[in-house]
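To start, the structure under review is shown below, and the notes come after it.
The values are calculated or read from the model by the stated rules, or taken from the named source; none is laboratory data. Just so we're clear, the structure is a prediction, and the values are computed from it rather than from any experiment. Here Cβ is always computed from backbone atoms with ideal geometry, including for glycine, and neighbour counts include all displayed protein chains. Areas reflect the complete protein model, heavy atoms only, side chains present, ligands, DNA and RNA absent. Shrake-Rupley method; radii C 1.70, N 1.55, O 1.52, S 1.80 Å.
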Amino acid sequence: MLVFQSVVLGLLLGGLYALLAAGLTLYFGIMRVVMIAHSAFLILAAYLAWWTNDRLGIDPLLSMVVTVPLFFGAGVLLQRGLLSRLRPATLTMMSVLITFAIALIIEGLLGYAFTGTQRRIQLGYGTASFELFGARVAVVKLIAFGLAVVSLACLYVLMKRTQFGWALRATIQHPDAARLVGIDTERTAGFGFGLGLATAAVGGTALSLDTTIYPSLHWHWIGPLMAIIVVGGLGSVPGAAAAALVLGLAQSLLQIPMGATWAQTVFYVALFATLAVRPQGFFGGRLAQRF
Amino acid sequence: MHSPARRTTWAVALSATLLLAACGGGGDDEEGGGSGDPIVVGISLPLTGDFSEPGKGVQEGYEAWAKITNDKGGLLGRQIELKILDDQSNADRVVADYEQLIGSDQVDLVVGPFSTRLVVPSARVAQEYGMLFVEPAGAAAEVFNQGFKNLFYAAPAVADDHYNHLAEYLLALPAGQKPATVAYAAMDDPFAQGTAYGLKKKLEAGGVKTVVNEVYPPNTTDFGSIAAKIAAAKPDMVVGGSQYQDGVNLIVALQQLNYQPKLAAFSTAPTSPEFAKAIGNKTEGILSPTGYSQDAPYESNKEFVEKFKAQFGKVPEEDQANGYTTGQVVAAAVQAAGCAEQGECQQKLIDWLHGNTVDTVVGPLKWDATGKPQGAHMIQQWIGDDIKIVLPADAKEADMVYPKPAW
Amino acid sequence: MSEIELVDVQAGYGRAAPVLRGFSVEVPAGTVVCLVGPNGAGKSTVLKVASGLLGPRSGKVMVGGKDMTGAGPQKMLAEGVALVLQGHSVFREMTVEENVLLGGYTLTDKAKRAKRAAFVKELFPVVGERWHSLAGLLSGGQQKQVEFARSLMVDPKVVLLDEPSMGLDPKATSTIFEQVVRMRDAGTAVLLVEQNARRALQTADLGCVLDLGRVHISGPAADLLADPQLGELYLGGRPAEKPPVV
């Protein structure tokens, strides 16, 4: 019973991980950059959702009407204005430094604006739940999971069925060839970055529904997310999603025998195991070979 | 009642630096005197940095004590003057502060700073100078096993003893009613864990079985799995060794799983003013130990609450009460010994406190040789829309509801 | 009239000495022109200038009689000049279908895109056969044909091929050169750069030997192949036999 309950919780958590990892995977695919600030944007979105609810008194989900386009724009600006200007030779190193700095700036501003106090959205349906084959499923967790699933589905359709999606995938897979068929790869890369950051907006809103947020929380997310995208095969969105579900599930199940502290290490164990045994990742994705 | 293990972050460091620049020099304006007219009380407090929030609370408590005492004519006919330095939550700084206060500023009395991490080094300085050291906020075990002879913790109980009244109550229940199984979940923090484990030790000794014993890191935000483990074990009672937010999260996670214990006790969180709103008002029957209540029927408490409100425009919380209590303890000793200056007087003060009980806003306090208070915390329970004192019997506002109604 | 013509082009990289020093070449409609020459002669630079990736320092680039000097790759593509890069340049994790249709990325007319897709499927049967496979799973020769098909989607006037046989086994190389001929026969002129000079000249209509950034000699491919001196210098020894007429 406990195991089934943990499986349910693990899957719900894994869905959120999958959405967040999708964004990181996009950045890496597009530019081979490691976007340390992704989880800082995630927490920023969570704060905006909290603020929307706390100050304006409306449902936090509505904050996405503003945050998703806002983050998309910020992503485009970040890529066009900053990252695309880096010299290719130093791109990986400098992008780590720049995005690290952005993460610190966001954290500092959040601390300045909202103080370091832990915050949690207070929702009327915060403790509501229903029973599913003997396991309890919290409504807020299900909403968060639903957001993740819908966003990932949208992302999938966008990538597979739209002209932009094709152009983005082509840009990721072979930028020179993409240019030669007439794709404006720079603009596409910028939009791709915006798309990645938009996932952080959705993810942050989902996160805010059922967890406590504080400005430095993003450091606890970036590690597991990095581990997920490596295990999933750098640059592969489906791979990252699969790895996210598996690791989320593993974390949840390992808490039964190991406790909360040690269960968190599953991400790093998986990371080291992947690098040692199968550096290209376990779930497809071939970019690691070029890393 | 706050954790010494506050998160040190870039953001906090940044804002601390800004704050420091903003309040630089504050508190240094007053001129310290020797044993002249006013009694000068030297204090170092974390007004910036990690502990700035509780540090400021304690400062208000001290200020309230000085004002209320002075309005009544002072101590031994002398006015009280506070000399407060900011230690920036830094243990090296706090040592330098007390050395300055005692050595060069020649204050008459010193009282303690906030948090175990700062209390221990500053108590050592006071000990070297032979000064009495009453402190408002060092509740962890390490404070009392340093061999200090001059230290007194001005609160009813250390963390391990917070739940003593509840343990007594539960163990006295007839066999059929006594909870048989308990789940414990505690933050990996000496204070929070101490509260839960103090109760655990006593209940286990009384034959109550522990079915879940979880420790989670301070940064934990997802309590789903811990709650699942507790709910699956279906214990009669759940005990949370919590600070604020983790306590809220754990309760919400348990409620999401529809787990209905007969008794639920959590430290710190349930006494916070935002608690009810934070868990959507599903507070029914939740217990919490508290070192201070505005409603506690102790004689000086009424005066304190009233005058504090007049001075600061808000009701005092535990941090403020701790500062005030510290002042009360020192004042009692000064009055009894009839002196307040450095030198032989200090030993008289220390000796008097070792042998006597002091009435304070948190009840009567007495100490063992290590300065550990010999009391227990009051136990409050959420009944209806309000949190009320239910234990001990002589301070209660309502009868304890057990088993608790569904939340 | 020639589909593309480079006139007296000087071109190079950065501040370095020019790689092309007064180079001229012309690709008449319906022909395959092959550029051969030793390494470093500037063959790839010719294709970069012709495709718009590199602007010439002086000289002219004419496409269909129109002066396109200094135009970028997108304008050149719109004008009907498509480049197929050397090595593998398919989008590996996309299907053959997606690869080919992306070749028509700039086509706004859906019907035209479908028509071109049907056309290239017919021209390169293997492309149709593997239509739903991931391009990265195809053999090297098959991938090259997907790239050809992709470049033909916009119905270009001229296709620039950079070392199409690189890394392929002899059988696949033969297939690729056969496909080059089919492309020409279908109405697209080809400018071909090859290391495998002898094999390329056997396929080409015209040849042009490039050395030190200038045209060393040019003329009908068959004549170049038959020139014993050229054979020694650029084609790796005398031909063992008379080349087959293509």
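Convex hull volume of the Cα atoms of chain B, normalised per residue: 133 Å³. Note: relative contact order over region C:2-234, using C-alpha pairs below 8 Å and six or more positions apart, is 27 percent. Report summary: the helix-based calculation at 222 nm, which adds -39500 (n - 2.57) for every DSSP H run with n ≥ 4 and divides by the residues of the protein assembly as shown, gives -15500 deg cm²/dmol. What region A:2-286 shows is 37 Å² of accessible area per residue, with the surface traced by a 1.4 Å probe over protein heavy atoms.
Take each residue of peptide A:169-177, count the partner chain Cβ atoms within 10 Å of its Cβ, and average: the result is 6.
Each part gets one Cα centre, and for region B:331-407 versus region B:144-179 those centres are 12 Å apart.
Membrane-span-like helices of chain C, defined as complete DSSP H segments with a Cα extent of 24 Å or more along the helix axis and a mean Kyte hydropathy of at least 0.0, are absent. Computed over Cα pairs, the Kirkwood radius of region C:2-234 leads via Stokes-Einstein (1.306 mPa s, 10 °C) to a diffusion coefficient of 89 µm² per second. The residues of region C:2-234 have, on average, 40 Å² of accessible surface per residue, using a 1.4 Å probe with all protein chains present. Please state the shape class of region A:140-291: rounded when a/c is under 1.5, otherwise prolate if a/b exceeds b/c and oblate if not, all from the C-alpha gyration tensor. Since a/c reaches 1.5 but b/c is at least a/b, the shape of region A:140-291 is classed as oblate.
Chains B and A together bury roughly 2900 Å² of accessible area, counting both sides, with a 1.4 Å probe on protein heavy atoms only. The fraction of accessible area contributed by carbon and sulfur in chain A is 72 percent, rounded to a whole number (1.4 Å probe; ligands and nucleic acids excluded). When the protein assembly as shown is described by a simple charge dipole with +1 on each Lys and Arg Cβ and -1 on each Asp and Glu Cβ, the residue from B:PRO121, C:PRO220, B:GLY194 located farthest towards its positive end is C:PRO220.
DSSP assigns beta bridges within the protein assembly as shown; of those with both partners inside it, close to 45 percent run antiparallel.
Note on B:LYS282: lysines with a C-alpha under 17 Å away, same-chain residues under 8 apart excluded, are B:LYS262, B:LYS388, B:LYS404. Quick check: the distance between the Cα centres of region C:133-201 and region A:113-155, to the nearest angstrom? Cα centres, region C:133-201 to region A:113-155: 54 Å.
Once each of the trypsin sites (Lys or Arg not before Pro) sitting in a DSSP loop with at most 12 other beta-carbon atoms within 10 Å is removed, chain B keeps B:73-313 as its longest stretch. With heavy atoms of protein chains only and a 1.4 Å probe, what residues of region A:106-132 have at least 30 Å² less accessible area in the full set of chains than alone? Listed in order, they are A:GLU107, A:GLY108, A:GLN118, A:ARG120, A:GLN122, A:THR127. Each label was represented as a point 7 Å from its Cα along the Cα-to-Cβ direction; for A:ASP184 and C:ALA17 these points are 4.1 nm apart. Give the calculated FRET efficiency between B:ASN145 and B:GLN374 to the nearest 0.05, with a Förster radius of 25 Å applied to their Cβ-Cβ distance. For R0 = 25 Å, the calculated efficiency reads 0.95.
Note on region C:2-234: lysine pairs with Cα distance below 16 Å, sequence gap of 8 or more or different chains, count 9. Inter-chain neighbour count for A:252-264: the average number of beta-carbon atoms from partner chains within 10 Å of each residue's beta-carbon is 4. The contact between chain C and chain A removes approximately 1900 Å² from the accessible area (both sides summed; 1.4 Å probe; ligands, DNA and RNA excluded).
The label-point distance for C:LYS60 and B:GLU204, in a model that sets each label 7 Å from Cα toward Cβ, rounds to 9.5 nm. Most tightly packed first, judged by the mean number of other beta-carbon atoms within 10 Å of their residues, the peptides C:184-195, A:167-178, B:166-177, B:322-333 read B:322-333, A:167-178, C:184-195, B:166-177.
For chain A, the membrane-span-like helices by this rule, meaning whole DSSP H stretches whose C-alpha atoms cover at least 24 Å of axis and whose Kyte-Doolittle mean is 1.6 or above, are A:2-31, A:91-114, A:139-161; this says nothing about an actual membrane. Take chain B with all the other protein chains still there, run a 1.4 Å probe, and you get 36 Å² of accessible area per residue. For region A:48-133, the gyration tensor built on C-alpha atoms gives a prolate shape. Its axis ratio a/c (a ≥ b ≥ c) is at least 1.5, and a/b is the larger of a/b and b/c. So for region B:82-184, averaging the separation of alpha carbon pairs under 8 Å that are six or more residues apart and normalising by length, what relative contact order in percent results? Relative contact order of region B:82-184: 19 percent. Here the calculated FRET efficiency for B:ASP92 and B:ASP71, from their Cβ-Cβ distance with R0 = 51 Å, stands at 0.85, rounded to the nearest 0.05.
Stretched out straight at 0.36 nm per residue, the stretch from A:THR115 to A:MET93 would grow longer than its current Cα-Cα span by 4.8 nm.
Taking the C-alpha atoms only, the angle from helix B:116-128 to the longest principal axis of chain B is near 30 degrees.
Using the Stokes-Einstein relation with a Kirkwood hydrodynamic radius computed over Cα pairs, the translational diffusion coefficient of region B:51-168 at 25 °C and a viscosity of 0.890 mPa s comes to 161 µm²/s. Most tightly packed first, judged by the mean number of other beta-carbon atoms within 10 Å of their residues, the peptides C:172-182, A:10-20 read A:10-20, C:172-182. Pairs of Cα atoms nearer than 8 Å and 6+ residues apart set the relative contact order; for chain B it is 18 percent.
Counting only alpha carbon atoms, the long axis of helix B:10-23 and the longest principal axis of chain B meet at about 30°. Charged side chains reduced to their Cβ positions (Lys and Arg at +1, Asp and Glu at -1) give region A:2-286 a dipole of some 500 debye around its Cα centre. Electrostatic bookkeeping for B:TRP407 treats Lys and Arg as +1 and Asp and Glu as -1; over the other residues with beta carbon under 9 Å from its beta carbon, the sum is +1.
Look at the stretch B:272-284: the mean tally of other chain Cβ atoms within 10 Å of its residues' Cβ atoms is 2. For the protein assembly as shown, the alpha carbon positions stretch 124, 65, 46 Å along the principal axes, listed from largest to smallest. Split the accessible area of region C:2-234 by element, probe 1.4 Å, and carbon with sulfur accounts for 51%.
Within a straight-line Cα-Cα reach of under 15 Å, B:LYS307 can be paired with the following aspartates and glutamates, leaving aside sequence neighbours fewer than 8 residues apart in one chain: B:GLU60, B:GLU63, B:ASP71, B:ASP295, B:GLU299, B:GLU317.
Here the accessible area is traced with a 1.4 Å probe on the protein chains. For chain B, carbon and sulfur cover 49 percent of it. 3J(HN,Hα) along region B:302-316, derived from phi through the Karplus expression 6.51 cos²θ - 1.76 cosθ + 1.60 where θ = phi - 60°, amounts to 4, 4, 4, 4, 4, 6, 5, 4, 5, 6, 10, x, 8, 7, x Hz, with x in place of Gly and Pro.
Within the shell of other residues whose beta carbon sits under 11 angstrom from the beta carbon of A:SER252, the net charge comes to 0, with Lys and Arg scored +1 and Asp and Glu -1.
Rg/Rh, computed from the Cα trace of region C:55-183 with Rh as the Kirkwood radius, has the value 0.99. Measuring max minus min along each principal axis, the C-alpha atoms of region B:132-284 give extents of 52, 36, 24 Å (largest first). With q set to 0.14, 0.16 Å⁻¹, the log10 of I(q)/I(0) for region A:2-286, from the Debye formula over equal scatterers at the Cα positions, is -1.02, -1.32.
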